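The values are calculated or read from the model by the stated rules, or taken from the named source; none is laboratory data. The shown structure was predicted, so the numbers you read here are calculated from the model rather than taken from an experiment. Heads up, the Cβs are rebuilt from the backbone with ideal geometry, glycines too, and the neighbour counts pull from every protein chain shown.
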Amino acid sequence: MFIFLEASISQRGNIQKKIQNKSFIADNKFPKTNEAVHASLHPNLIFGIFSNLILKYNNMKNVLVALSLFVGLFVHADEGMWFLMFIDRLNQRDMEKMGLQLTSEEIYSINNSSLKDAIVQFNGGCTAELVSDQGLVLTNHHCGYSAIAELSTPENDYLTNGYWANSKKDEMKPNSLYVRFFVRMDDVSKRILDKVNDEMTEDERNAAIKEETQKIEDENSENGKYVVSVRSFFQGNEYYYFVYQDYTDVRLVGTPPASVGKFGGDTDNWEWPRHTGDFSMFRIYADSEGNPADYSEENKPLKPKHHLPVNIQGVEQDDFAMILGYPGRTNRWLPAGGIDQNVKFAYPAWVEASKEAMDVLKLYMDKDNGVRLNYASKYAGIANYWKNRQGMIDALTKFKTAETKAKNESKFNKWGNKKKNATYSNVIKDINDYYSLTNDKARHDNYLRMVFRGSKFATSSRGLGAGLAKYAASDDEQKAAMKPRLSANIKSFFASMHIPLEKEMLFEMIDLYARKANYDLPASITNTKDLKAHISAVFELSILTNETRMLSFLEVPNSALLENDPLMLMSDEFIAHYYASTDEIDAAKGKYDRAYRMLVEGMRKSKLSPVKYPDANSTLRLSYGKVSALPVDSRNDAKDNFYTTLKGTVKKYVPNDAEFDLPKGLIELYEKKDFGPYADKAGHMPVNFLTNNDITGGNSGSPVLNGNGELIGLAFDGNIEAMAGDVIFDKKLQKTINVDIRYVLFLIDKYAGAQHIVDEMTVIK
């Protein structure tokens with residue numbers, strides 16, 4: 001057993017082939033065990049169960065058979081976000097029963113091309129996939145939104161009207177856009193945890209971990225060739241390092257108009273039935289050797305190790321569906337007190353402040369098309385989380401998630417107060433004490449956080465202000481080197497800035513914060529009688545609110561002038577206040593960090609937790625499930641409620657509406673039923689479909705794959721009924737909303753007339 005768990009990838013593959021042999025399994029009977037049902041999924045803990053069985057069945061062959069059978073006992077098909085590294089020993093047999101036709105080596109391989117090589121993290125916050133041997137990348141429209149908006153002008157409004165490059169010469173490079181390839185990962189838990197002990201304070205523990213983490217990252221970067229990240233899992237009980245390679249020359253190939261890519265707007269966001277063509281296309285460029293390179297006309301389209309074939313045969317209910325991507329953050333291990341704090345204190349503040357910011361943005365965006373383009377991405381981001389957080393409040397309240405968690409924690413507390421488990425006796429108390437102490441601060445922090453999110457100037461002292469301060473303190477040689485970059489950053493910053501909007505935004509957000517935070521406020525706020533006049537004066541007097549004044553500062557830098565700048569002073573004060581703490585809170589936080597780590601450790605040890613996998617943390621994961629319907633819904637005209645059609649899209653059409661308008665050309669194609677080879681068997685044009693995969697933010701743009709590893713859709717949203725999904729997975733209601741790949745190709749080919757792009761792809765009909 002131990003040999004199997006610690007074997008190399010190739011060794012494990014050989015062993016796996018042996019235990020998958022039917023005659024081999026048939027000849028080796030093995031008794032069932034209830035322990036296995038509740039075991040933690042991590043292989044190092046599986047060993048503890050099977051070590052006892054080895055004593056009874058002192059035969060390696062029998063143990064391997066047991067492991068193979070064990071795998072299928074406890075894994076839910078739809079729940080969990082899994083490491084690719086462990087597929088061959090944890091999930092593969094279950095996936096094969098559901099329809100997977102690939103080997104684990106075809107999904108994840110270090111030495112050979114595999115599915116992982118076609119999946120990239122897109123610009124740090126989404127997922128994308130390679131769909132041609134010429135570096136063609138497919139992701140969501142909302143993932144490419146900021147890049148498309150940046151390239152748009154009132155004269156060439158690609159965000160509104162769409163864009164398709166007629167040739168590679170017409171592909172456009174945004175200022176900042178990158179993709180990240182996953183190279184490999186490995187377990188460094190023992191190495192890191194050997195550097196800490198229970199006698200350390202949390203600060204000492206973190207310092208030791210940070211030091212060892214830096215060594216691991218340096219050892220694996222190959223002198224800067226790779227980006228290496230060591231990440232914590234199971235709340236600091238395990239550690240893995242991940243090796244990545246970044247490409248920064250990424251260019252826009254095409255995007256549908258916003259009336260397609262964002263069809264339904266905020267109204268349909270998180271809702272089903274859905275009719276959104278949420279996709280955009282980019283291309284990765286590299287140097288002549290295929291290596292990452294800064295933008296150059298000499299760069300060539302990247303030839304990837306693997307690209308995804310595109311299957312337009314369609315999907316049916318219960319078809320196998322696999323998603324690979326970079327889920328951002330889940331909190332499935334979050335204690336009851338944390339859920340309560342979010343629902344009653346943090347999220348309501350976030351929701352209210354987000355709505356305030358959206359109102360200010362919309363007021364000015366509706367007046368000016370240039371302002372709309374410059375602030376479209378910001379509005380969309382705030383609006384998305386506004387609806388998400390309200391949905392979280394509603395769902396977590398409805399399903400009484402905190403109460404359920406509290407009951408389980410009560411069981412854990414009883415377990416922890418047994419003599420043999422005395423180490424865990426104060427875990428729940430320390431956790432609950434911390435939340436009780438910080439509930440009011442959580443509300444305050446979220447109001448203040450939204451001041452920072454809403455206003456581009458609220459954090460000036462950490463942005464351009466910090467750059468000017470460093471510039472002023474430098475010698476002449478350093479100034480000469482810094483000046484061109486700073487000058488370019490200043491011009492870029494103000495190019496998309498609308499000062500009247502920013503002035504009102506800063507006032508409205510601070511005013512709301514001052515009225516609603518119900519907590520200690522920064523001195524400048526409590527001492528200000530007329531806040532609006534104060535903010536107006538700050539904008540009039542500050543160097544940082546005027547492009548000319550900032551550029552002039554580069555010519556005649558003055559540190560004293562900057563140190564006394566009213567916006568610098570306000571920004572510094574607000575940031576310091578946000579991070580301010582007390583000795584009481586610091587002490588409670590230290591106890592909480594240790595207690596939370598021990599809660600996860602103890603929950604796994606006691607087998608009381610229904611969660612068996614690590615929380616998402618922006619590392620590459622795989623989820624698997626099936627095409628899956630929601631209950632019958634009269635709003636959906638489709639035959640079954642797992643998909644939607646263009647008929648339903650047109651039914652929602654409202655001419656000139658901000659959310660439900662449609663391009664004339666698309667309506668004409670619908671009326672003619674000119675769907676090309678992309679229609680379903682009944683002659684309808686499929687648009688979106690549902691699966692029961694477990695995803696979260698960061699999975700946007702992730703490929704939805706069939707059992708052969710062929711692309712059938714793009715994940716882009718979840719459903720409002722299961723908005724609590726980041727905290728608790730609802731097996732009945734939680735769904736992933738995907739855009740059907742047939743709709744994507746139909747829009748590129750028939751609507752946009754860009755057949756040359758479809759011709760690049762490997763299309764399976």
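Things worth noting here:
- None of Glu212, Glu155, Glu150 is out of contact with any Asp or Glu (no Cβ under 8 Å at 6 or more places or on another chain), in a helix (DSSP H, G or I), at negative phi and modelled with pLDDT under 95 except Glu150.
- Some residue of segment 173-196 being without any contact (Cβ under 8 Å) to a residue 12 or more places away in the chain and of a type in the set (Asp, Glu): yes
- Selection status of Ala402, assigned to a helix (DSSP H, G or I), within 22 Å of Phe507 (Cβ to Cβ), at pLDDT 95 or above and not hydroxyl-bearing (Ser, Thr, Tyr): no
- Qualifying residue in segment 126-142 (condition: over 21 Å from Leu745 (Cα atoms), in a loop (DSSP other than H, G, I, E, B) and outside the structural domain of Gly325 (by TED's automatic domain parsing)): no
- Looking across segment 306-330, the residues that are surrounded by 22 or more Cβ atoms within 10 Å (Cβ to Cβ) and of a type outside the set (A, V, I, L, M) come down to His307, Phe320, Gly325, Tyr326, Pro327, Thr330.
- No other residue among Trp270, Trp333 is at pLDDT below 95 and among the hydrophobic types (A, V, I, L, M, F, W, C) apart from Trp270.
- Qualifying positions in segment 508-541 - of a type in the set (Ser, Thr, Tyr) and touching a Lys or Arg at 6+ places or on another chain (Cβ under 8 Å): Tyr519, Ser536
- Annotation: Tyr643 fulfils all but one of (1) over 30 Å from Phe83 (Cβ atoms); (2) free of Cβ contacts under 8 Å to residues at least 12 places away in the same chain; the unmet one is (2).
- Criterion (under 25 Å from Asp117 (Cα atoms), of a type in the set (Val, Ile, Thr), crowded, with 20+ Cβ neighbours inside 10 Å and outside the structural domain of Asp637 (by TED's automatic domain parsing)) met by exactly one of Val227, Val260, Val253: Val253
- The residue pairs whose first member lies in segment 302-320 and is closer than 20 Å to Glu129 by Cα, whose second member is surrounded by fewer than 17 Cβ atoms within 10 Å (Cβ to Cβ) and hydroxyl-bearing (Ser, Thr, Tyr), and whose beta carbons are closer than 9 Å, counting only pairs six or more residues apart or on different chains, are Pro304/Ser113; Lys305/Ser113; His306/Ser113; His307/Thr762; Leu308/Thr762; Pro309/Thr762; Val310/Thr762.
- Matching residues, segment 220-245, being among the basic types (Lys, Arg) and free of Cβ contacts under 8 Å to residues at least 40 places away in the same chain: Lys225
- Checking Ala595, Ala580, Ala517, Ala576 one by one, the residue that is buried (at least 16 other Cβ atoms within 10 Å of the Cβ), hydrophobic (A, V, I, L, M, F, W, C) and either within 30 Å of Gly236 (Cβ to Cβ) or assigned by TED's automatic domain parsing to the domain that holds His444 (or both) is Ala595 and no other.
- Total residues in segment 495-507 satisfying the condition of being at pLDDT below 95 and either in contact with a Lys or Arg (Cβ under 9 Å, 6 or more places away or on another chain) or surrounded by 13 or more Cβ atoms within 10 Å (Cβ to Cβ) (or both): the figure is 2.
- Single unsatisfied condition, Thr526 versus (1) modelled with pLDDT of 95 or more; (2) within 27 Å of Trp350 (Cα to Cα): (1)
- Note on segment 610-625: among residues that are out of contact with any Leu (no Cβ under 9 Å at 6 or more places or on another chain) and over 21 Å from Ser700 (Cβ atoms), the one that is surrounded by the fewest Cβ atoms within 10 Å (Cβ to Cβ) is Pro610.
- Filter result for Ala533 (among the hydrophobic types (A, V, I, L, M, F, W, C), farther than 17 Å from Ala458 by Cα and part of a helix (DSSP H, G or I)): no
- In segment 470-488, the count of residues that are surrounded by 15 or more Cβ atoms within 10 Å (Cβ to Cβ) and either within 28 Å of the chain's Cα centre (by Cα) or in the same structural domain as Tyr375 (by TED's automatic domain parsing) (or both) is zero.
Per-residue answers, yes or no, for (1) over 23 Å from the mean Cα position of the chain (by Cα); (2) surrounded by fewer than 20 Cβ atoms within 10 Å (Cβ to Cβ); (3) in the same structural domain as Tyr158 (by TED's automatic domain parsing); (4) not charged (D, E, K, R):
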position: Lys367; (1), (2), (3), (4): yes, yes, no, no
position: Gln390; (1), (2), (3), (4): no, no, no, yes
position: Lys400; (1), (2), (3), (4): yes, yes, no, no
position: Lys411; (1), (2), (3), (4): yes, yes, no, no
position: Lys418; (1), (2), (3), (4): yes, yes, no, no
position: Asn426; (1), (2), (3), (4): yes, yes, no, yes
position: Ile431; (1), (2), (3), (4): yes, no, no, yes
position: Thr438; (1), (2), (3), (4): yes, no, no, yes
position: Arg443; (1), (2), (3), (4): yes, no, no, no
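- Of the numbered criteria (1) within 14 Å of Asp430 (Cβ to Cβ); (2) surrounded by fewer than 20 Cβ atoms within 10 Å (Cβ to Cβ); (3) touching a residue at least 24 places away in the same chain (Cβ under 8 Å), the one Ser606 fails is (1).
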